[in-house]
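**Q** Got a structure for you, questions after.
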Amino acid sequence: MNDESGTDRPTSSTGAATESATRSRRPLPFRFSPLRLISTILLAVLVVGLIAVVAGWRPSLNPFKERTIDRSSPAVLRSLEDLSQYHAAGAHFEVVVDLEEDTRWIPSALKGERTLFVGVGTVDSMVDFGHLDADAVKVSPDRRSVTIELPNPTLSTPQVDLDHSYVVARQRGVLDRVGGLVGGISSDKALYQKASAKMTDAAKEDGQVTELGKKNTTAMLRGLLGALGFTNVQVTYAADKR
């Protein structure tokens, strides 16, 4: 049957079939499936892990792994100075510092801090050659004998070993712990200063490092002057005037 324009109208059965075929060719709407997403992620991780094992590469699977970024500027040279002190001997010390800070009339459980610290370091015995008098060195007319008078060895400032010194335990009151959470800064400077002072006191009381400093300095001068032709080298030490 023709319409007025002369075109054939499709029959109702043909139109239904055409519409059904058109719908069948349309893509189905995408539906989000959490289970499918998880399965895809697990499959990707397994594939990456398998490739890493085969290639001998084992990357960290932790996406929140911490790292250290060094943005420090290089050291700047400020000054130079001549050194005239001979480090003749060194003593190694290990001290235990038990330092407690509290507030009067307030219980330590509420306000206070106690730290147990182990300090490791060295104290050197030094002889100063920079302030010798004009008559400190006396040479015989035949240049075979020499007498040298030196000041007594002194102790250097202790050098605390940062790699081997450590805090054993630290106890803080409730208020100090809360203060640390809100931005309070804890400094261990007092611990290192106390450890350094204890090392100096121990070196002075013991005295062995000073005597070893004298012995090593004498041996060094005798070897040096003996190589210059002196057969008799006498080294004496004056009382420390400091």
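**Q** Through the Karplus equation 6.51 cos²θ - 1.76 cosθ + 1.60, θ set to phi - 60°, convert the phi angles of the range 155-170 into ³J(HN,Hα) values in whole Hz; use x for Gly and Pro.
**A** Residue by residue, the range 155-170 yields 9, 7, 5, x, 9, 6, 7, 5, 6, 10, 8, 7, 8, 7, 8, 9 Hz.
**Q** Can you give the accessible area of Leu77 in Å² (nearest 10), computed on protein heavy atoms with a 1.4 Å probe?
**A** 130 Å²
**Q** I need the phi-derived Karplus couplings for the range 35-48: 6.51 cos²θ - 1.76 cosθ + 1.60, θ = phi - 60°, integer Hz, Gly and Pro marked x.
**A** Per residue, the Karplus-derived 3J(HN,Hα) values read 5, 5, 5, 4, 4, 5, 5, 4, 5, 5, 5, 5, 5, 5 Hz.
**Q** Under the Karplus relation 6.51 cos²θ - 1.76 cosθ + 1.60, θ = phi - 60°, what is the ordered set of whole-Hz ³J(HN,Hα) values for the range 69-77, x standing for Gly and Pro?
**A** Once rounded to whole Hz, the list reads 10, 8, 10, 5, 7, x, 5, 10, 6.
**Q** To the nearest 10 Å², what's Ser196's accessible area with a 1.4 Å probe?
**A** 20 Å²
**Q** Which entries in the list Lys194/Lys214; Lys111/Lys194; Lys111/Lys189; Lys138/Lys214 go over 25 Å, if you measure between the two C-alpha atoms of each?
**A** Violating the 25 Å limit, Cα to Cα: Lys194/Lys214.
**Q** Going by accessible area, probe 1.4 Å, with all protein chains left in place, what is the ranking of Met220, Met199, largest first?
**A** Met220, Met199
**Q** Net charge within 9 Å of Leu155 by Cβ-Cβ distance, Lys/Arg positive one each and Asp/Glu negative one each, not counting Leu155 itself?
**A** Cβ neighbours under 9 Å give a net charge of 0.
**Q** So who's got an amide H within less than 5 Å of the one on Ala88, skipping anything under 5 residues away but keeping other chains? H placed 1.01 Å off N, in plane.
**A** Long-range HN contacts for Ala88: Ser125, Met126, Val127.
**Q** With the alpha-carbon atoms as the only input, what is the per residue convex hull volume for the range 68-178 in Å³?
**A** Given the Cα convex hull of the range 68-178, per-residue volume reads 241 Å³.
The values are calculated or read from the model by the stated rules, or taken from the named source; none is laboratory data. Just so it is clear, the model here is predicted, and its values are computed rather than measured. As a convention, Cβ positions derive from the backbone with ideal geometry for all residues, glycine included, and neighbour counts pool all protein chains shown. Just the protein is used for accessible areas: all its heavy atoms, side chains included, with ligands, DNA and RNA removed. Shrake-Rupley method; radii C 1.70, N 1.55, O 1.52, S 1.80 Å.
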